[in-house]
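Since the structure comes first, as structure tokens, the remarks are kept for the end.
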Amino acid sequence: MYFSYTTLKNTFMTPILLLLVLFMPALQITGGQSAGVCYGRNGDNLPSDTEVIDLYKSNGIGRMRIYEPNQATLEALRGSNIELMVTILNNNLQALTDAAAATDWVQKNVQPYSADVKFKYIAVGNEVHPDAAEAQYLLPAIQNIQNAVKAANLQSQIKVSTAIDTTLLDPSFPPSDGAFSSAANSFITPIITFLGNNGAPLLVNIYPYFAYIGDPANIKLEYALFTSPGVVVQDGSNGYQNIFDAILDTHYSALEKAGAPNMVIVVSESGWPSEGSDAATNGNAGTYYSNLINHVKTGTPKRPNGAIETYLFAMFDENLKDGAEVEKHFGIFSPNKQPKYQLTFG
């Protein structure tokens, strides 16, 4: 999630015509390779890994994030030319504080495939919070995986990082005031310093959907869906027409204050569900994904030059996902491989 409800109070004073698409037919769009897709496997009705890789290739999707180093997935990726982000789950972090275990992880899950699988990132941990039990293990695990990647002579190909969510910010508005909270600062700053020293980006999961449903009185739907006809938030010389850019630039401001003004952010997840709440409709989800793919070909008001590397969440609806019903409906494809929205990548 992004802004707390209170920090957004009285932010949106200008009335905006609400554009709500109740039904969206097949979408034909052209997206650059700044956009990839996360491949989650929390379903009992999903295609085989080989079929999944074929679906990526046939749709021109050139980047993938996976959430564990599944051997069948890695085998299917051989020779595909798909750039890969592989995640190390939080429950594995403690073990990787042992350098030998980190070396073994890289030797087992990366080196045997590195000749013909295009590893790009290793995300050590996903959305670890400062008060979580795993927080104390995160930086040592990142350091040990980085050392193991270097020992394998893969450091020029693979960047080691971690994926955070947007709850580490306070203040979170306006974007230029963005900073990591006092509770998060001592946790995240040493990690940012280590990433910077190794030329790695910070990975951030950004969900305008959750920002919108958390405070619909102040966050208008069109501001979340990239459909606002004009600037909604003016922050100094920067005008924001969508909350995605505002969230991203808030993190850039926080990085500046943490001593990393040149660090790049990769958006490691972003999506919109099609079922499970009033705002979770096929029309809204299709609008969000299509506009996101087009939007990330360019930068933000704060970082206007260059594309925003972004990973859509997710490839499939996942019927075994925990949590609220919406969690099961973020897919851009149904498990039968039929597109929910005909998005054209590449």
Mean shadow area of the stretch 176-282, taken as a quarter of the surface of its Cα convex hull (nm²): 8.0
Average silhouette area of the stretch 138-190, convex hull of alpha-carbon atoms, in square nanometres: 4.6
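Rounded to the nearest whole Å², what accessible area per residue is found for the stretch 32-333 with the 1.4 Å probe? Intermediate values should be presented prior to the final figure.
Details: 10790 Å² over 302 residues.
Result: 36 Å² per residue.
Based on the alpha-carbon set only, what is the convex hull volume of the stretch 104-158 divided per residue, in Å³?
82
Distance check, please: which entries in Lys120/Lys150; Lys108/Lys328; Lys118/Lys150 exceed 21 angstrom between their Cα atoms? Please list the in-between numbers first.
On the way: Lys120/Lys150 14 Å; Lys108/Lys328 31 Å; Lys118/Lys150 16 Å.
Pairs exceeding 21 Å: Lys108/Lys328.
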Residue list for the stretch 127-157, given a label point 7 angstrom along the Cα-to-Cβ vector of Asn197 and an amide N cut-off under 11 Å: 143
In Hz, Karplus ³J(HN,Hα) per residue of the stretch 171-183 (6.51, -1.76, 1.60; θ = phi - 60°; x = Gly, Pro): x, 10, 7, x, x, 5, 8, x, 7, 6, 5, 4, 5
Span from the the stretch 46-102 Cα centroid across to the the stretch 208-255 one, whole angstrom: 31
Proximal aspartates and glutamates to Lys340, defined as alpha-carbon separation beneath 13 angstrom and excluding residues fewer than eight positions away on the same chain: Glu275, Asp317
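Considering only DSSP beta bridges with both partners in the stretch 32-333, what is the antiparallel share in %, to the nearest 5? Mind dumping the intermediate values first?
Details: 4 of 33 bridges.
So the antiparallel bridges in the stretch 32-333 amount to around 10 percent.
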P(r) weight above 16 Å for the stretch 42-89, C-alpha pairs, percent: 35
Charge dipole (the chain, unit charges on Cβ, about Cα centre) - positive-most of Phe333, Ile265, Ala133: Ile265
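Quick one: with all protein chains in place, what share of the accessible area of the stretch 132-272 is carbon or sulfur, to the nearest percent (1.4 Å probe)? Intermediate values should be presented prior to the final figure.
On the way: 2220 of 4670 Å².
Carbon-and-sulfur percentage of accessible area, whole number: 47.
The values are calculated or read from the model by the stated rules, or taken from the named source; none is laboratory data. The shown structure was predicted, so the numbers you read here are calculated from the model rather than taken from an experiment. Every residue, glycine among them, receives a Cβ derived from its backbone with ideal geometry; neighbour counts consider all protein chains shown. Keep in mind that these areas ignore ligands, DNA and RNA; they rest on the heavy atoms of the full protein, side chains included. Shrake-Rupley method; radii C 1.70, N 1.55, O 1.52, S 1.80 Å.
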